[in-house]
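Enquirer: Here's a structure for you.
The values are calculated or read from the model by the stated rules, or taken from the named source; none is laboratory data. Since we're looking at a predicted model, the values are computed, not measured. Cβ atoms come from the backbone with ideal geometry, glycine included; neighbour counts cover every protein chain shown. We work out accessible area using only protein heavy atoms, side chains counted, and drop any ligands, DNA or RNA first. Shrake-Rupley method; radii C 1.70, N 1.55, O 1.52, S 1.80 Å.
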Amino acid sequence: MRQPYVAGNWKMYKTVAEAVSLATELADGLKHSRNKLMVAPPFTALSAVGAALTGSGILLGAQNMAAELEGAHTGEISVRMLKDLGVRVVIIGHSERRHVYHESDELINQKVRLALTEGMEVILCVGETLDEREAGEVERVVGTQLQAGLSGVELGSLEQVTIAYEPVWAIGTGKTATPADADAVHQYIRRWFSETYGSDTALSMIVQYGGSVKPGNIAALMNMENIDGALVGGASLKAETFLPISRFND
Ligand code: PGA
């Protein structure tokens, strides 16, 4: 059985006080959840949010990390700095990192391997643009991102890895992939794992869907056979929307 996993990506929103206030509401509201839960505040609020989440069972996540352990990298944040703040999970390869900040598959792979070596859990994001979808290239694009992103990752480390399928055209646009369209790509992702790592691994991999997930569409998405959770952006910024998403199966 794959445990449902709902994660909130707060992106570049919230001051420390705003972040703590939301984290406190979530910690109160999600105490007895059966689901795996994570929130990824901006770096500046990690420490305070970590304190607010203590004892709640909600994991503290980061939205990105440096590809190097340390060094002269102005403006970067290292995996050990994150661990030092109690961060357990890092989102790598988000489409905004890929498309706005031009992160390559090679860089993403370097980050994935470093995070895993350092004992961090990873959410590796994959997904096609609208042009790629219209050109019939979804599987090629997603397959390439998986192949490159997980290059050199051993079977034994995959327990630390979650995949988030996030079609770029659905992120922050209000357009959600239909549950059936999303499930078809999730099924492809599971097939890729089966061919690359074996069928047991494929069955145990958690594959989240991301892209305009809301209280009104989470149940239909989670009803699909290959959708195991959600990576939520906009709707994770308020307790009134993130609580019902996180409690979709209560
Ligand atoms: P969205 O973002 O829920 O606002 O579409 C999802 C994401 O970027 O992870």
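Enquirer: When both residues are 6+ apart or on different chains and their Cβ atoms are under 6 Å apart, which pairs have a first residue that lies in region 227-240 and is open to solvent by 20 Å² or more (accessible area, probe 1.4 Å), and a second that is more than 14 Å from the ligand (Cβ to nearest atom) and at pLDDT 95 or above?
Expert: As it stands, the answer is none, since no pair meets every condition given.
Enquirer: What are the residues in region 230-250 that are under 16 Å from the mean Cα position of the chain (by Cα) and either in a loop (DSSP other than H, G, I, E, B) or closer than 15 Å to Ala177 by Cβ (or both), if any? Steps first, please.
Expert: Of region 230-250, the ones under 16 Å from the mean Cα position of the chain (by Cα) are 230-237, 242, 245-246.
Within region 230-250, Ala230, Leu231, Val232, Gly233, Leu237 qualify.
Enquirer: Name the residue, out of Ile171, Ile206, that is near the ligand (Cβ under 8 Å from one of its atoms), touching a residue at least 40 places away in the same chain (Cβ under 8 Å) and of a type in the set (Val, Ile, Thr).
Expert: Ile171
Enquirer: Moving on. I'm trying to understand the selection: among the residues of region 67-91, which are among the hydrophobic types (A, V, I, L, M, F, W, C) and either farther than 19 Å from Val39 by Cα or surrounded by 19 or more Cβ atoms within 10 Å (Cβ to Cβ) (or both)?
Expert: Step one: filter region 67-91 for residues among the hydrophobic types (A, V, I, L, M, F, W, C), giving 67, 69, 72, 77, 79, 81-82, 85, 87, 89-91.
Result: Ala67, Leu69, Ala72, Val79, Leu82, Val87, Val89, Val90, Ile91.
Enquirer: Note down all Cβ pairs under 8 Å where the first residue falls in region 1-17 and is within 17 Å of Ile58 (Cβ to Cβ), the second is open to solvent by 70 Å² or more (accessible area, probe 1.4 Å) and more than 12 Å from the ligand (Cβ to nearest atom), and they're at least six residues apart or on different chains.
Expert: Gln3/Arg34; Pro4/Arg34
Enquirer: For residues in region 174-184 being within 15 Å of the ligand (Cβ to nearest atom) and of a type in the set (A, V, I, L, M, F, W, C), which is modelled with the highest pLDDT?
Expert: Ala182
Enquirer: Also, I was wondering about something else. Filter region 191-214 for residues that are closer than 19 Å to Ala7 by Cβ and over 18 Å from the mean Cα position of the chain (by Cα) and give the result. Break it down stepwise before answering.
Expert: Keep residues of region 191-214 that are closer than 19 Å to Ala7 by Cβ, which gives 204-214.
Scanning region 191-214 gives no hits.
Enquirer: Please tell me if Val100 is within 16 Å of the ligand (Cβ to nearest atom), within 18 Å of the chain's Cα centre (by Cα) and over 20 Å from Ile171 (Cα atoms). Outline the logic, then answer.
Expert: Working: within 16 Å of the ligand (Cβ to nearest atom): yes; within 18 Å of the chain's Cα centre (by Cα): yes; over 20 Å from Ile171 (Cα atoms): no.
Considered against the rule, which asks whether it is within 16 Å of the ligand (Cβ to nearest atom), within 18 Å of the chain's Cα centre (by Cα) and over 20 Å from Ile171 (Cα atoms), Val100 comes out as no.
Enquirer: Please work out which residue is nearest to Ala66 (Cα to Cα), limiting yourself to region 10-40 and to residues that are open to solvent by less than 10 Å² (accessible area, probe 1.4 Å) and within 14 Å of the ligand (Cβ to nearest atom).
Expert: Ala40
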